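K.L.:
Dropping the structure in here first, questions after.
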Amino acid sequence: MDELDETQLKNHVDSLKQQLQFNREKTSVSLPELTKWIEEKMNEDPFLNPDILKDNPWVESSKCVII
Amino acid sequence: MACQGLAKGETIHTLKVESESLKAKLEEERGKLHDVELHQVAEKIEALGQFVMKTRRTLKGHGNKVLCMDWCRDKRRIVSSSQDGKVIVWDAYTTNKEHAVTMPCTWVMACAYAPSGCAVACGGLDNKCSVYPLSLDKNENLAAKKKSVAMHTNYLSSCSFTNSDMQILTSSGDGTCALWDVESGQLLQSFHGHSADVLSLDLAPSETGNTFVSGVRSSKLHLYYPCGDAFATGSDDATCRLYDLRADREVAIYSKDSIIFGASSVDFSLSGRLLFAGHNDYTINVWDVLKGTRVAILFGHENRVSTVRVSPDGTAFCSGSWDNTLRIWA
């Protein structure tokens, strides 16, 4: 902060004022929605859905054959 | 003159006082709305089961530290840049090198794939962001087609195309971010606001793509690319943190006493449930974002992990390291 000149400080103050105007939500509103979004999306996540994991192009199926 | 100096000092003093009181007020506002913790919300959610993830490909070819990488939207090509000044385009699936360019500078800290897959952008200590069109002819001299797009007054730390090949967003050690027109090299918009080196930036995952986050000095960040309402940071203090943009605050810290080395890069799985963090102790930690627990530690790299990026379809993630290699994990 100390190295800022007057113009930079003015910009900084303006930015803080703008941030104060920012419309905030309670975490009791935003976090359940975020959690819900993640839960719904988990079915499509190749790392988390075993059915998609089976078809992962990066994972070679075993080349060994039992005779 | 003396009078003027005094007046100026006073203005600066007033501004500093004002900024301090505004900051306190901001903290107060944020505190008011923090009425529940993430782990409380996630209490009833099932924990993740056992987690197996292995190195599926190793990309060798860089002569020095790998500093940055980006996926092509085709989900198999990768561009990576290194301290030795080389930029390589890989077919990660076959591990073949498709193109290689030597930049006129060392420490190529930023590289990005164009959305069309027809060009890559990169830069570093040259303070520039250059775009190289890619052609099917592998013997073609890419350096001859180089186009200097962006110019900063200090090193380029990060770059990203917006949703088209036409515009590129850059961040720099000069403390600014800027949006450029690729064709003309014209500066479209400059973003000031940081009072230190800007080390990273990431665009929100919306179609219009008109918001982005940027971070300074010790924290490398990556936007929550899945839904765009939150982002995560990895930091020198060995922690990763989750920030909720709607609540305008930090909502989770991912740390353990046993993790003492800084996290240089983070990214989310497709759903955002997993957070991958590359660390300076050569490991990659995988976190359950909702429960705040570590679900896996991945070993393999023989030096610092400098970058981690999940592929566009979420089937794999790539890590780049100071051991000169990149690894694909799935």
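Throughout, read-outs are computed from the coordinates displayed, never taken from laboratory work. Only a predicted model underlies this, so the values are computations on that prediction, with no experimental measurement involved. Please note: Cβ atoms are built from the backbone with ideal geometry, for glycine as well, and neighbour counts cover all protein chains shown.
K.L.:
Using 0.36 nm per residue, how much length does the chain from B:Thr94 to B:Ser148 gain when fully extended, once their Cα-Cα distance is taken away?
P.N.:
In short, 16.4 nm is gained.
K.L.:
Given +1 on the Cβ of Lys and Arg, -1 on the Cβ of Asp and Glu, and no further charges, what dipole in debye does region A:6-55 carry about its Cα centre, rounded to the nearest 20?
P.N.:
Computed about the Cα centre, the dipole is about 380 debye.
K.L.:
So, with +1 on the Cβ of K and R and -1 on the Cβ of D and E, and no other charges, what is the size of the charge dipole of the protein assembly as shown about its Cα centre, to the nearest 20 debye?
P.N.:
For the protein assembly as shown, the charge dipole is close to 980 debye.
K.L.:
Also, quick follow-up: Averaged across the residues of B:52-63, what count of C-beta atoms belonging to other chains lies within 10 Å of each residue's C-beta?
P.N.:
So the per-residue partner count for this stretch is 1.
K.L.:
Next question. Test of the criteria: in region B:290-330, which chymotrypsin sites (Phe, Trp or Tyr not before Pro) are in a DSSP loop and have at most 15 other Cβ atoms within 10 angstrom of their Cβ?
P.N.:
Passing sites in region B:290-330 are B:Phe299.
K.L.:
Work out the length of the dipole vector of chain B about its Cα centre, built from +1 on the beta-carbon of each Lys and Arg and -1 on the beta-carbon of each Asp and Glu, and round it to the nearest 20 debye.
P.N.:
880
K.L.:
Give me the extension gain from B:Ser184 to B:Lys23: residue separation times 0.36 nm, minus the current Cα-Cα distance, reported in nm with one decimal.
P.N.:
Full-extension gain reported as 54.0 nm.
K.L.:
Using r as the Cβ-Cβ distance of B:Lys16 and A:Gln18, and R0 as 30 Å, what FRET efficiency do you calculate, to the nearest 0.05?
P.N.:
According to the calculation, E is roughly 0.95.
K.L.:
Principal axes first, then extents: for the Cα atoms of region A:6-55, list largest minus smallest coordinate on each axis, whole Å, largest first.
P.N.:
Computed over region A:6-55, the largest-to-smallest principal extents equal 60, 25, 9 Å.
K.L.:
Would you kindly calculate the translational diffusion coefficient of the protein assembly as shown, applying Stokes-Einstein with the Kirkwood radius from alpha carbon pairs, for 25 °C and a viscosity of 0.890 mPa s, and quote it in µm² s⁻¹ without decimals?
P.N.:
110
K.L.:
Anyone know which of B:Val286, B:Val308, B:Val295 comes out most mobile in the 10 Å Cα GNM of chain B?
P.N.:
Comparing B:Val286, B:Val308, B:Val295 in the GNM, the peak value goes to B:Val295.
K.L.:
Which semi-axis lengths, in whole Å and largest first, follow from the square roots of five times the eigenvalues of the Cα gyration tensor of region B:1-105?
P.N.:
Taking √(5λ) for each Cα gyration eigenvalue gives 49, 33, 10 Å.
K.L.:
Once the mean 1/r over all distinct Cα pairs of region B:53-329 is inverted, what Kirkwood radius in angstroms do you read off?
P.N.:
By the Kirkwood definition, the hydrodynamic radius is 18.4 Å.
K.L.:
Apply 1/(1 + (r/R0)^6) to the Cβ-Cβ distance of B:Ser258 and B:Ala47, taking R0 = 22 Å, and write down the FRET efficiency to the nearest 0.05.
P.N.:
The formula returns an efficiency of 0.65 here.
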